[in-house]
Structure formats: C-alpha cells, structure tokens
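Engineer: Mind having a look at this structure? Questions to follow.
The values are calculated or read from the model by the stated rules, or taken from the named source; none is laboratory data. Every value quoted in this text rests on a predicted model; they were computed, and no experiment measured them. In this analysis, Cβ positions are derived from the backbone assuming ideal geometry, glycine residues included, and neighbour counts consider all displayed protein chains.
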Amino acid sequence: MQRKLKLATAISLILISLAFVMAYFVKPHPLSIERADVPEDIASLVMHSSDVPLANRISKSHGLAMVFVISEFSQKNANALGAVREWATNKFEKDPTFIYATQTPQRLELPASVFSSFFYNLLAGPRILAEEQGLRAVKSTMKSFHKTEAYTQLKSDFYDSFGKDKETSFLLSHYEFDRARESVPVVLAAVFWLAVILLGVYRFIYVHKSVRDKLQNTLSGLWFVLAIFYLIETWTQNSTQVALSSLLCAGVGFYLRRPIVWCRGEDTGLSFKLIRLGSKPLALISFLTLSLMGIHILTWIKTGTIENPDPVTLIVSACTGNFFHDPTEIKRDIARLIGVLWLLFFAWTARLLMLEVEPDLEAPENLDALPDGHAID
C-alpha cells in the first residue's frame, strides 16, 4: 500500500511540475497548416469562366441538376458533387469571399477553471503537435489519390458542373482540405485505441496470472481507459453527455477492479463486502462490453453520410486520401466482420453460461503447485 501511495505521489508531482513548466515557458499555438495547398492545375485555368458569380452557381446549381440527369459519370461522383455543393452553400452563406479571404489564426479557448488550465497546459502542446503531424500524413495520402483515375474523372465532372476556372479549383481544394482537417482528431483517436488494444493483448498473454484474473484486469483497464478518454473529450468539447459517460465508465472500471455487493445484517445494518467474480459473470461482462463497442461502431456506419461523415468514414478516407466518395464497400465489410465476431462471441458466452459447473479458469501457471497425483487435462 505504501508503495502505491508513493508511486501516486510521484506521478502527481511530475504532472503538476510539467504543467507549470509548460505554463511558464511554452505558449501553445493553433495549427500552423490553416489553408489548402494551391491546386496543381491553377496556372492553366482562367480566373472566371462565367459572368455568374460562383456563389450563385453553387446555390442554384441548375447545371448540376442537368448533369445528374444526362451525365454518364458514376453515382458516387454524383453524391460527391452533391456533398461539395451543400458544404460550399453553407460556406458562402457565412462568407461569400471565403475562397480568397485571409485566414485568421484560430482562437484558443480560455480555460474556465484551475483544472481546465492544468489539462490545457498538460495536453494542448502535445495534441496540437500530433494534429499537425497527422495532417501532414493525411495530405500525403491525398496527393497519392490525386494521381488516380478516380480523382481525374471527379475533377472533370466537377468542372463540367460548376465551371472550369480558378475559383472552382480553389473551392474543390478547400473542401478536400476541410474534410482532411476534420479527420485528423479521429485518426489520432484510432491510433490511441490501437495502442491500447496492443498493450492489452500483450499483458493478457505475458502477465503470469490466472486466466480469470487477467480477464478481470483487462476488462477493468479497458473501462478505465475509456473513462480517461471521455474525460479528455470532456475538457476539449465541454460536453455534459461525454462527462456523464466518463463517470459511468469509471464506475464500471472500479466495480470490476474491486467488485462489491451490499447486504443487510440483523445487527450491523447495511454493509458492503468484496466478492470474487466467477467465470460466468466475467464472460457475460465481456460479452456486454464488446457488444456495446460493436453497437457504437455500427451506429456510426449506419448514420454517417458523405455530407456528415462518421468516424469510420473519416478514418478510411484519411487512409485512402479520398474524401469525396463514401467508402460504402469498406464500411459494409467492417459491419459484416463485426457481425461475424459478435455471433462467435455470443455462441462462446452462451456455451459458458449453460454449463452446470463453473468453468475452471484458475489453472495454476506452475505445475509444481498441483497436488500429487493430479494433472491438468
């Protein structure tokens, strides 16, 4: 106990000292990459291809409606141009000159409490640095996509719909960059969870404990990490819903770490005592945990659109560099994989729950611990 207390004290002092040093010496800044790259074909384009302003061409989109009817390009390109049209209409309503307007530096939010300031100085610098590097990586995948036939056809269809000039070229570039910047936090979150999963698998395989203890510790750690992740999201989004989710996940994590039940005695009244979770409850909790994760991902896939992309769409688009087409086939394959894994895990859980005898997950790691005359089947 004393060792854990000393470790917690040391970690707290290190974090407080690091936050103070960051607050004193470092001034976090917004993303330095604020504008899209200049399109490659900009030099060969005229300034204006029509007397009608681009904002009017976008908002009315008479030509786009005709293209949807008579053009031979694929339905994916039609959906992509519709998404660009909706995005550009909203942009032009806020600022008709946003294509050429000078980009003002993004304002950083002022912390509202001492804890907000602590997390701000502890996390703002690393987060902004990670987002900048992530955006550079996503832009490199975009450049690779620009060399494909799909992008060439899409750009040709876009020019046919809205006009071929510098304004439309900048518009397409800004749309792509806006989607890329939107995908960066999602990609970083995916990298974080991938690292958590790999660490969990490593600990489950190499830590010398019984299978029951390793399963319980893995579940507890997963819910604790989810609580910390939601806590960070709470500080960045100021969302009450996310804050409640963080508290709920922390409660589940604490219960799995130290499971307790309440009981009422005749003399002592209401009291609490620690219990030991058996194999069946742990299997059921594992099934519920993974089911909730699967439901969350499937809900993203079912509700996301190309106009309002879900995290799965943004991750796939960032990896392929294609922010124009909805990766329907890939998302369908992901949904099928989740469905197959859920069915397999459901069958495994049901088999354990229907056993009359509690499954033995307490096999000793050391055969010398076995009594004489006994062996593991």
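Engineer: Report yes if Ile301 is touching an Asp or Glu at 6+ places or on another chain (Cβ under 8 Å) and assigned to a helix (DSSP H, G or I), otherwise no.
Structural biologist: Yes: the conditions hold for Ile301.
Engineer: Another question about this same structure. Just to be sure before I move on: is Leu352 in a helix (DSSP H, G or I) and either of a type in the set (D, E, K, R) or touching a residue at least 40 places away in the same chain (Cβ under 8 Å) (or both) in the structure I sent?
Structural biologist: Considered against the rule, which asks whether it is in a helix (DSSP H, G or I) and either of a type in the set (D, E, K, R) or touching a residue at least 40 places away in the same chain (Cβ under 8 Å) (or both), Leu352 comes out as yes.
Engineer: Further question on the same structure: With the condition being at pLDDT 80 or above and touching a His at 6+ places or on another chain (Cβ under 9 Å), I'd like the helices (runs of 4 or more DSSP H) fully within segment 8-106 carrying at least 1 qualifying residues.
Structural biologist: Numbers: elements: 54-60, 62-70, 75-94.
Output list reads 75-94.
Engineer: Would it be correct to say that Tyr120 is surrounded by 18 or more Cβ atoms within 10 Å (Cβ to Cβ) and either at pLDDT below 90 or under 16 Å from Thr236 (Cα atoms) (or both)?
Structural biologist: Yes; evaluated as a whole, the condition is true for this residue.
Engineer: Among the numbered conditions (1) in contact (Cβ under 8 Å) with a residue 12 or more places away in the chain; (2) under 30 Å from Leu355 (Cα atoms); (3) surrounded by 14 or more Cβ atoms within 10 Å (Cβ to Cβ), tell me where Arg276 comes up short.
Structural biologist: (3)
Engineer: Regarding Arg212, is this residue of a type in the set (Lys, Arg) and farther than 26 Å from Ala130 by Cβ?
Structural biologist: Details: of a type in the set (Lys, Arg): yes; farther than 26 Å from Ala130 by Cβ: yes.
Here the answer is yes, as Arg212 does meet what is asked.
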